[in-house]
């Protein structure tokens, strides 16, 4: 059945880039298990040869002329950046020493 | 009492006759908010200085240059970006975020001459049915302050019901405009997918999200939708379909209108009082010359499961942009970039948001994709076909908006599945992409009930005609909560 283990929840949390404690993993395993259990009701449906919906309206490609336009002002774009150096976004180390 | 009991038409008459100025209307909104918002808790941010300045300038504009919404105050849900005005989606992760451009709908409000007075509380990232998932405050239902206003556009509905503003914008992914409109006794429209541009709406589930108007009457709702609707080069999913003059067709004539009532909408889980109010509403519509038949939407019971998988999958992807790098909250004291991502997101998101991100990530991951995501997309096709089929022979589908009236604050917060069940009657509509409105149709223990009218793709016009005819024949929309008295 669809019961999620604590380890599965921790793995999913890692994929989703969420720090998670042991206690939380247990709580979420229980709650997510109930939801995925409920999702099993979809298995009652025969979906052989049923196309998955990708869009509710018959929209295909929406094209426009490739014309250069003024973008947003760089200084304005940096207004919400917490840490910056010389007009660039600063982040912590990506590689360990 | 307040001038906000008046309709947009009456407000424009008042302006014309010199009874009040645009500046007075703006002041009235801020005065009402000051008086009432300690109780209602609807607003997260106020636009007082700019709105006051804007109103004074607008009073100088000659009457012949003004449209029907010119000078009227409006509140905007906090997941719609407003240049220079903090926009948080009621999440800690966007604390202090000041947008650098306006959403297309906000631009259109400005073009129509509306005055944005502030930003409205919601469930964090629009995930919830009660506004209890806000990181900042719990909005209350103006009809009973112990009850929830619904969600996720709870404060959009509550602020209009409390008469703090005559208009608001909400967004609806699985019922987030209609369910709070029902709980708060106001009019809320979820337009056809693609009718209104989503540019500047912080995405939750992009294939389901739609912005829509909340008002105290149907005419004003139609007017506001007309102002915000239309194709937008910045949203390639917005539809290039002409926007009709909705209000021109509101003549009260619905003779020969073919109404379908799905038996699934009056079945198990729907409270007796709710069923009765809908049956009485159908009698009113029959009296106006409509015909009513029972139909079936056999895949309705699969909508909730399909919705939670699809909306959570899309959310897990959309919300990956919140990483603490370019805007919003950033965790402190981290060693490296991976830790920055993980700690920022763990500290910045609330539990419901985390639950859905994880459910979505799980549904999309290798090994579960076919069983969950693809299966849900196939179920969606079957649900949509149910609607297509009924609409071959009928003009509108009618049922309740929610299975009950508003529940008490705290009643469902610990049980996600019970909370989700509030949306069983609204979710299928988003999956099918069709438009639907909720209008007041009765009361249960002093709390409002809502009638849901569902239409064909891009046929908001027939929904409005039906809703307007019903409204003209009934008195429910004229009632106001007790808290209007004396304030």
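The values are calculated or read from the model by the stated rules, or taken from the named source; none is laboratory data. Computed from a prediction, not measured in an experiment: that's the story for all the values here. Backbone-built Cβ (ideal geometry, glycine too); neighbour counts: all protein chains shown.
Inspection of segment B:143-158 finds a residue satisfying the criterion of being modelled with pLDDT of 95 or more and assigned to a strand (DSSP E or B).
Quick check on residue B:328: is it more than 9 Å from chain A (Cβ to nearest Cβ) and buried (at least 18 other Cβ atoms within 10 Å of the Cβ)? In short, no.
Scanning segment B:248-267 for residues that are in contact (Cβ under 8 Å) with a residue 60 or more places away in the chain and assigned to a helix (DSSP H, G or I) gives B:249, B:265, B:266. Check segment B:75-90 and report whether any residue there is part of a helix (DSSP H, G or I) and surrounded by fewer than 24 Cβ atoms within 10 Å (Cβ to Cβ). Looking for residues that are part of a helix (DSSP H, G or I) and surrounded by fewer than 24 Cβ atoms within 10 Å (Cβ to Cβ), one finds none in segment B:75-90, hence no. Of all residues in segment B:336-348, those satisfying the criterion of being more than 7 Å from every other protein chain (Cβ to nearest Cβ) and either free of Cβ contacts under 8 Å to residues at least 12 places away in the same chain or surrounded by 19 or more Cβ atoms within 10 Å (Cβ to Cβ) (or both) are B:338, B:339, B:344, B:348.
The residues of segment B:264-275 that are in contact with a strand residue (DSSP E or B) (Cβ under 8 Å, 6 or more places away or on another chain) and more than 18 Å from residue B:302 (Cβ to Cβ), listed by number, are B:266, B:271, B:273, B:274, B:275. Does segment B:241-263 contain any residue that is within 11 Å of chain A (Cβ to nearest Cβ) and either touching a strand residue (DSSP E or B) at 6+ places or on another chain (Cβ under 9 Å) or surrounded by 14 or more Cβ atoms within 10 Å (Cβ to Cβ) (or both)? Yes, there is a match, as at least one residue in segment B:241-263 is within 11 Å of chain A (Cβ to nearest Cβ) and either touching a strand residue (DSSP E or B) at 6+ places or on another chain (Cβ under 9 Å) or surrounded by 14 or more Cβ atoms within 10 Å (Cβ to Cβ) (or both). Testing residue B:430 on (1) away from every other protein chain (no Cβ under 13 Å); (2) under 16 Å from residue B:180 (Cα atoms); (3) in contact with a strand residue (DSSP E or B) (Cβ under 8 Å, 6 or more places away or on another chain), one condition comes back false. Which one is that? With respect to (1) away from every other protein chain (no Cβ under 13 Å); (2) under 16 Å from residue B:180 (Cα atoms); (3) in contact with a strand residue (DSSP E or B) (Cβ under 8 Å, 6 or more places away or on another chain), residue B:430 is out only on (1).
Within segment B:277-299, the residues that satisfy the criterion of being buried (at least 21 other Cβ atoms within 10 Å of the Cβ) and within 19 Å of residue B:428 (Cβ to Cβ) are B:278, B:297, B:299. Just one of the listed residues (B:220, B:209) is under 14 Å from the mean Cα position of the chain (by Cα) and under 19 Å from residue B:153 (Cα atoms), namely B:209.
Going by what's in this entry, would residue B:207 be described as surrounded by fewer than 22 Cβ atoms within 10 Å (Cβ to Cβ) and more than 21 Å from residue B:110 (Cβ to Cβ)? Spelling it out, residue B:207 is indeed surrounded by fewer than 22 Cβ atoms within 10 Å (Cβ to Cβ) and more than 21 Å from residue B:110 (Cβ to Cβ).
The condition of being under 28 Å from residue B:71 (Cα atoms) and touching a residue at least 12 places away in the same chain (Cβ under 8 Å) holds for only one of B:123, B:172, that being B:172. Considering only segment B:29-47, state which residues are touching a strand residue (DSSP E or B) at 6+ places or on another chain (Cβ under 8 Å) and part of a helix (DSSP H, G or I). Those that are touching a strand residue (DSSP E or B) at 6+ places or on another chain (Cβ under 8 Å) and part of a helix (DSSP H, G or I): B:29, B:30, B:33, B:37. Restricting attention to segment B:349-363, the residues that are more than 9 Å from chain A (Cβ to nearest Cβ), part of a helix (DSSP H, G or I) and surrounded by fewer than 23 Cβ atoms within 10 Å (Cβ to Cβ) add up to 1. In segment B:364-374, which residue that is in a helix (DSSP H, G or I) and facing chain A (nearest Cβ under 7 Å) is surrounded by the most Cβ atoms within 10 Å (Cβ to Cβ)? Looking at the filtered set, the residue picked out is B:372.
Filtered by the rule that a residue be touching a helix residue (DSSP H, G or I) at 6+ places or on another chain (Cβ under 7 Å) and within 14 Å of another protein chain (Cβ to nearest Cβ), segment B:456-469 gives a lone residue, B:456. Residue-level check: of (1) at pLDDT below 95; (2) under 25 Å from residue B:476 (Cα atoms), residue B:257 misses just (1).
Would you check if there is a residue in segment B:299-307 being touching a strand residue (DSSP E or B) at 6+ places or on another chain (Cβ under 9 Å), part of a helix (DSSP H, G or I) and at negative phi? Checking segment B:299-307: at least one residue is touching a strand residue (DSSP E or B) at 6+ places or on another chain (Cβ under 9 Å), part of a helix (DSSP H, G or I) and at negative phi.
Take the conditions (1) within 14 Å of chain A (Cβ to nearest Cβ); (2) in a loop (DSSP other than H, G, I, E, B); residue B:270 misses just one of them, which is (1).
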